[in-house]
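A.B. asks: Would you mind keeping the following structure in view while I ask a few things?
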Amino acid sequence: MKKWFKHPLAYVAIILAMVCGLIFVLAAVPGFNKLPSGTQNLRVVVLDQDQSSVSKNIATHLENKLPFKMVTATSLANAKRQLNTRQAALIIQIDKGFYQRVTRGQTPKLTYTVNQSNGLLQNMVTKNVTTQVTTQVASQLTTAKVTQMLAQSAGKALMQKQQAVAKQQVKQQLQAALAKSPQLAQQPAQLKKLQQQAIAPVKRQQQQRLMPQVKKQAAATAATLTGQVATTTTKLHALPTNYQYQFAPMFLNLGAYLGIMLMSLVLTLMFMSARHVIGKWSALLAVQLNGFIGVLAAPLVTLGTLRCLISFSSSAFWQLFGVQVLFGLAVFEFTLAIAFLCGGLPSMILQLPLLVSQVVASGAIIPRPALNGFYRWLSTHTPMSQGVYSTFNALYGGANSGYTSALWWLISLSLLAVILIGWLGYRSTKTNPLSRLVPFTAGN
C-alpha cells in the first residue's frame, strides 16, 4: 500500500479530478452571468400594418414598456428576413383593420411570427413575450388615451356629417329667398351678405346639437372596448414539441467535437513519434489523411443513429452530413493546431475549457445576443456555434447567415497554423518523453 502512494500517478489522478472540476466551473458558469437581463438584447420587430392613431399608440406603448430591443419594419417580407437570419426573435404584427374592429366593438387581431429553429431559452423567451404583448395591448385598449382618440375620431365623423347638412340647409334658404326676390341674383354683394346671414344661425344650431352627440357616440364606442385581443401565431420554421428535437443539434455537435478533439490528440502523439521514422512532412500528410477519413466516417454513424431517434427526411440527412463533414474538418484543424502548439497531451489544459465554453456559447441553450461580450466573441470565432446553427438550419430551416463561410475560414487558418507550427516547432531530431508515449517504428 505504501508503495502505491509513493507512485506519482496516484497524485496525478487526484489533481486531474480537481483540475477538470475547476475547468468546468470556470469555463461554464460565467457564461450565464448576463441572464436573465441578457435576454433584453433580443430584437423584437413591430410591424404596424394598420397605421391608425390607435395602432401607432399601441406600437409606441410596446416599445416603451417591453424590456427588449424593439425595432420597426417597413414590410412583412423585411421583418421575416430578419427573423429567418436570426437578427430578430419575434415579429409582432398589428393587422390591417385593427382600428375599425375596435370602433365596431369587434375583437382586434394581432399576429405573431416566430422562428422556432433556435435554442431552448430563446424559444421560451419568445413564447413569454407573446403573452406579455397580448396582455399589454388588451390593457391599453381600455385606457383613457385610446378612448379620447376614439372620441376625437367620432367628433370628426359627426362634424363632416353635420357640415353636409348645414350646407344643404343654407342652400334651401337661399333658394327660398331667390324665389321671393329674383332680382337678388343680379346683386352678388347682397346675395353674399344673405348667404352669410343664413350660415351663422345654422352653425350655432349645429354646434349646440353636435357636442352632446359626440359625447354620446364616444361613450357608446368606449363601452364596446372589452380589452380582448385575438392572436394568431405563425411559425416560420416549426420545431416538434418533443425535446429530443430541441437538443439534438447541441448533443450531435458536442459529441462530434469531443470525438474529433480526442482523435486530433491521438494523431498528434503519433506524429511526434512517426516524424523520426518516416519524416516530418510525410507524418503530417498522414495525420491530415487520417483525420479526413475520420471526419467522413464519424457522421455516417452518428447521423444514422440520430435518425433512429428522431424523424427527418433523407434530404435532411445528406444536408446534415455535409454540415457535419464541414464542421468536423473545422474542429479537426482547430484542435490539431492547439495540440501541435502545446505538444499533445498538455494541450488538454486549454482544450477542455475551450470545449466547455463553446457549449455555453453555441446558441443551443443561450441565444447569442444574451451572452456577455467574451462568450459572444467566442461564439462567432470558434466552430461549435457555427455547427449548431447550421444543424438547426438543416433539420428545421433557417438562413445560413455566414456559418459556412466562418467554418471555411477556421479550416484555412487552422491548417495554416498546423503547417507553420509543424515547420517551426518540430525541428529536433531527438526523441523526448512525449514522443515516446505512442511508439512508432519502421515495422509499423
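The values are calculated or read from the model by the stated rules, or taken from the named source; none is laboratory data. Treat the numbers as computed from the prediction; the structure is a model and nothing was measured. For neighbour counting, all protein chains shown are included, and Cβ atoms are generated from backbone atoms with ideal geometry for every residue, glycine included. Protein only, heavy atoms only, side chains kept; ligands, DNA and RNA dropped before computing areas. Shrake-Rupley method; radii C 1.70, N 1.55, O 1.52, S 1.80 Å.
A.B. asks: Can you name the number of the only condition in (1) touching a Ser or Thr at 6+ places or on another chain (Cβ under 8 Å); (2) under 29 Å from ARG275 (Cα atoms); (3) hydrophobic (A, V, I, L, M, F, W, C) that LEU413 fails?
C.D. replies: Only one criterion in (1) touching a Ser or Thr at 6+ places or on another chain (Cβ under 8 Å); (2) under 29 Å from ARG275 (Cα atoms); (3) hydrophobic (A, V, I, L, M, F, W, C) is unmet by LEU413, namely (1).
A.B. asks: Moving on. Exactly one condition in (1) part of a helix (DSSP H, G or I); (2) open to solvent by less than 60 Å² (accessible area, probe 1.4 Å); (3) not assigned by the TED database to the domain that holds SER362 is false for ILE23; which is it?
C.D. replies: Result: ILE23 passes all but (3).
Matching residues to (1) modelled with pLDDT under 95; (2) part of a helix (DSSP H, G or I); (3) within 29 Å of PRO240 (Cβ to Cβ):
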| position | (1), (2), (3) |
| --- | --- |
| MET348 | yes, yes, no |
| LEU352 | yes, yes, no |
| SER379 | yes, yes, yes |
| SER412 | no, yes, no |
| GLY422 | yes, yes, no |
| ARG436 | yes, no, no |
| GLY443 | yes, no, no |
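A.B. asks: List the number of the failed condition for PRO108; all other conditions in (1) surrounded by 14 or more Cβ atoms within 10 Å (Cβ to Cβ); (2) farther than 16 Å from SER52 by Cα; (3) out of contact with any Leu (no Cβ under 7 Å at 6 or more places or on another chain) hold.
C.D. replies: Among (1) surrounded by 14 or more Cβ atoms within 10 Å (Cβ to Cβ); (2) farther than 16 Å from SER52 by Cα; (3) out of contact with any Leu (no Cβ under 7 Å at 6 or more places or on another chain), the lone unmet condition for PRO108 is (2).
A.B. asks: Just the residues that are open to solvent by 30 Å² or more (accessible area, probe 1.4 Å) and of a type in the set (S, T, N, Q), please, taken from region 371-399.
C.D. replies: THR380
A.B. asks: Take the residues in region 45-93 that are within 19 Å of GLN122 (Cα to Cα) and in a loop (DSSP other than H, G, I, E, B); name whichever of them is most open to solvent (accessible area, probe 1.4 Å).
C.D. replies: Here the answer is GLN87.
A.B. asks: Which of (1) farther than 18 Å from GLY328 by Cα; (2) in contact with a Ser or Thr (Cβ under 6 Å, 6 or more places away or on another chain) does TYR375 not meet, given it meets every other one?
C.D. replies: TYR375 satisfies every listed condition except (2).
A.B. asks: Looking only at residues that are among the aliphatic types (A, V, I, L, M) and surrounded by fewer than 24 Cβ atoms within 10 Å (Cβ to Cβ) in region 321-336, which one is farthest from SER390 (Cα to Cα)?
C.D. replies: Once the filter is applied, the top-ranked residue is LEU329.
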